[in-house]
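Undergrad: Have a look at this one.
Computed from the coordinates by the stated procedures, all read-outs in this text should not be read as laboratory data. Just so we're clear, the structure is a prediction, and the values are computed from it rather than from any experiment. Here Cβ is always computed from backbone atoms with ideal geometry, including for glycine, and neighbour counts include all displayed protein chains.
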């Protein structure tokens, strides 16, 4: 196939991705900085959509009995975290027991149902915890690192090409993309840290931002491996030019718990 025959399609796809990003980014930034009920609802909504798409990938049926009990578990845990109520594990016996029963009765893959619950729940709790204890600027800083990594990796990979990182899992990802994305994330991560006056030492931040950026790409690869296992191209078609929600937040899914752990070990998280 000649370059001229595929160029218009690629340009249209890139333009659609850019337009979608220009619409979504200001909304996401506003909600992150606004916080409060809008932020919590936004996180819960994204979590529910992740579970919806996860079941669609693993079971070919997004709305099933497992999904109901997964969402119920998420809502209970988020409710406890938002209100600061003392954790009572007995409350979760009903939704978790229901999840087990639903998987057995309807022959739903139990291992993937539980893995999906953890995959969606852990970043949700991390995002709420980070916003409550460290503020919107920390959450936005983490997002800037992930976004910069994605953008840098995309354009570096397309421009430079070269050896593939993991052709069996994600044929389009290259080592050049990984390096270019990490460099982009470090540059914008350091600029944002200075602008937000986060108070971290510059030389300390470089390895931290690099590690977080690369870890977010591992999240991207993990989602690609799941789709490859079930022979699915995109997690969904909710976002024009981008696929589904999971395709857009796979890096955040890994980055948010890592950021929470980093701040906890650093002693800044409450």
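Undergrad: So if the hydrodynamic radius of segment 135-270 is defined as the Kirkwood radius over C-alpha pairs, what does Stokes-Einstein give as its diffusion coefficient at 4 °C and 1.567 mPa s, in µm² per second?
TA: Details: Rh = 15.4 Å.
Using the Kirkwood radius from Cα pairs, D works out to 84 µm²/s.
Undergrad: Shifting gears a bit: If you build a Gaussian network model of the chain, linking Cα atoms that sit under 10 Å apart, which residue out of 118, 44, 19 swings the most?
TA: Its mean-square fluctuation being the largest, the pick is 19.
Undergrad: If you take Kirkwood radius over Cα pairs in Å from the coordinates, which of (1) 19.7; (2) 21.8; (3) 18.3 do you get?
TA: Recomputing Kirkwood radius over Cα pairs in Å here gives the entry labelled (1).
Undergrad: Just to be sure I understand: with springs between alpha-carbon atoms less than 10 Å apart, which residue in 245, 218, 89 has the highest mean-square fluctuation in the Gaussian network model of the chain?
TA: Of the options given, 89 has the highest mean-square fluctuation.
Undergrad: In Å, what Kirkwood hydrodynamic radius results for segment 35-134 from the alpha-carbon pair distances? Walk me through the numbers on the way to the answer.
TA: Working: mean 1/r = 0.0724 Å⁻¹.
That comes to 13.8 Å for segment 35-134.
Undergrad: Debye calculation, C-alpha points only, no solvent: report log10 I(q)/I(0) for segment 79-127 at q = 0.16, 0.26, 0.30 Å⁻¹, in the same order as the q values.
TA: Calculated log10 I(q)/I(0) at the listed q: -0.57, -1.05, -1.12.
Undergrad: What spacing in nm lies between the two simple spin-label points modelled at residue 191 and residue 28, each 7 Å away from Cα in the Cβ direction?
TA: 1.7
Undergrad: Which length gain, in nm to one decimal place, applies between residue 214 and residue 63 when the Cα-Cα distance is subtracted from 0.36 nm times their residue separation? Don't jump to the answer; show the numbers that get you there.
TA: Details: separation 151, 0.36 × 151 = 54.36 nm, distance 3.30 nm.
Here the segment from residue 214 to residue 63 would lengthen by 51.1 nm.
Undergrad: Comparing 234, 134, 88, which has the greatest mean-square fluctuation in the GNM of the chain with Cα pairs linked when under 10 Å apart?
TA: Result: 88 has the largest fluctuation of those listed.
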